[in-house]
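Q: Before anything else, here's the structure in question.
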Amino acid sequence: QSAGIIAQSKAAVRLKEDMKKIVAVPLNEQKDFTYQKLFGVSLQELQRQGLTKNGIPAIVWNIVEYLMQHGLTQEGLFRVNGNVKVVEQLRLKFESGVPVELGKDGDVCSAASLLKLFLRELPDSLITSALQPRFIQLFQDGRKDIQESSLRDLIKELPDTHYCLLKYLCQFLTKVAKHHVQNRMNVHNLATVFGPNCFQ
């Protein structure tokens, strides 16, 4: 019986705290945030809905900006997964339209995991399914002299939204690799992590 009373009083305290939080938010900030699906949506659709920044999905832009400031020297960046619950909460928060502070609402590992999740859930992967066989064939041929120019030509065949995101991602990962002494993530390690997230 006493356990029940304790549980009830704890629930009452929690409710009181939640009410305080709601009241603490100024009325003008208590606006109805509209739910906006961001994961599992094509890059073209995100652009059409105005959910991009400089041609990059705004959510990716936010995550990368945060990681550039706080994650470049984090050991095991992208290899060490974030807390599943925190990653899911971040995802829901981004999709509900509430302002997200990655440093406060999450951490480096959960932000990195969220980026991988975004790429993994694209309806057509970053390296589109139509071009994947040709990418694989190019590397199986193993002709180093023709590989680089052929790869450049092949990348240019990607849809604009995919090309822009791939370019942005590669520029960011190049910066990550430059800090490999601290973060232990050289080009090979990053490729191992991102390969499955960019190809399906």
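Q: Only residues that are among the small types (Gly, Ala, Ser) and farther than 19 Å from residue 179 by Cβ: list them for the range 71-81, please.
A: none
Q: Same structure, new question: With in a helix (DSSP H, G or I) and either open to solvent by less than 30 Å² (accessible area, probe 1.4 Å) or touching a strand residue (DSSP E or B) at 6+ places or on another chain (Cβ under 6 Å) (or both) as the only criterion, which of 119, 92 stands out?
A: Unique residue meeting the criteria: 119.
Q: What's the number of the only condition in (1) in a helix (DSSP H, G or I); (2) open to solvent by 40 Å² or more (accessible area, probe 1.4 Å); (3) without any contact (Cβ under 8 Å) to a residue 12 or more places away in the chain that residue 195 fails to meet?
A: Status for residue 195: all satisfied but (2).
Q: Please verify whether the range 149-160 includes one or more residues that are open to solvent by less than 10 Å² (accessible area, probe 1.4 Å), within 29 Å of residue 88 (Cα to Cα) and not polar (S, T, N, Q).
A: The answer is no, given that none of the residues of the range 149-160 is open to solvent by less than 10 Å² (accessible area, probe 1.4 Å), within 29 Å of residue 88 (Cα to Cα) and not polar (S, T, N, Q).
Q: Based on this model, can you work out whether residue 169 counts as of a type in the set (A, V, I, L, M, F, W, C), closer than 26 Å to residue 88 by Cα and modelled with pLDDT of 95 or more?
A: yes
The values are calculated or read from the model by the stated rules, or taken from the named source; none is laboratory data. Here the structure is a predicted model, which means the values were calculated and not measured. Ideal geometry is used to build each Cβ from the backbone, glycine not excepted, and the neighbour counts take in all protein chains shown. In case anyone asks, the SASA skips ligands and DNA or RNA and just uses the protein heavy atoms, side chains included. Shrake-Rupley method; radii C 1.70, N 1.55, O 1.52, S 1.80 Å.
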